[in-house]
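Inspection log for the structure reproduced underneath, given as structure tokens.
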Amino acid sequence: MIYEQPLFFFDATAVVMMLVLAYLSKRLGEAMHIRPYYLILFVTAALILAASGLETIPRPLSFEFIGALANSLRFAASATAFLVALRYWKWLFAEFSKK
């Protein structure tokens, strides 16, 4: 079984990034009285872990579409995490454009 190391590091980095964003978004959401959308970031981190786990299945035991399914899970989780983070952090763009 050959596992692509850069993809593993991408998954680990994405999970850590989503967990950090969830923590920061929770604190920001409490201050701004925003609904707890940050919980979705925990789900997206779990989806990334599931995609990484799917790719550890040995090739003879897996189906042909496992790679495409894992990449689709990664894309869906990343797009969802981006939209959730944008909900909390969109005010930064306005602050940055003022200068």
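Bear in mind these aren't lab numbers, they're just calculated from the coordinates by the rules spelled out. Predicted model, so just to flag it, every value in this text is computed and none were measured. Glycine gets a Cβ as well: all are built from the backbone with ideal geometry, and neighbour counts include every protein chain shown.
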Residue 95 label point, 7 Å along Cα→Cβ, cut-off 17 Å on backbone N: hits in the range 26-44? 26-34
Using alpha carbons only: equivalent-ellipsoid semi-axes of the chain, gyration tensor based, whole Å: 32, 13, 11
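Find the relative contact order for the chain and round it to a whole percent, using C-alpha pairs within less than 8 Å whose residues are 6+ positions apart.
Numbers: 71 pairs, mean separation 31.0, N = 99.
Value for the chain: 31 percent.
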Lys/Arg Cβ at +1, Asp/Glu Cβ at -1, dipole of the chain taken about the Cα centre: which of 22, 36, 54 is farthest positive-ward? 36
What's the local net charge at residue 87, with K and R +1, D and E -1, over the other residues with C-beta under 15 Å away? +3
Per the helix-only model, the chain has a calculated mean residue ellipticity at 222 nm (DSSP H runs of ≥4, -39500 (n - 2.57) each, divided over all residues, rounded to the nearest 500) of -26000 deg cm²/dmol
Computed over the range 14-53, Cα set: Rg, Dmax in Å: 10.9, 36
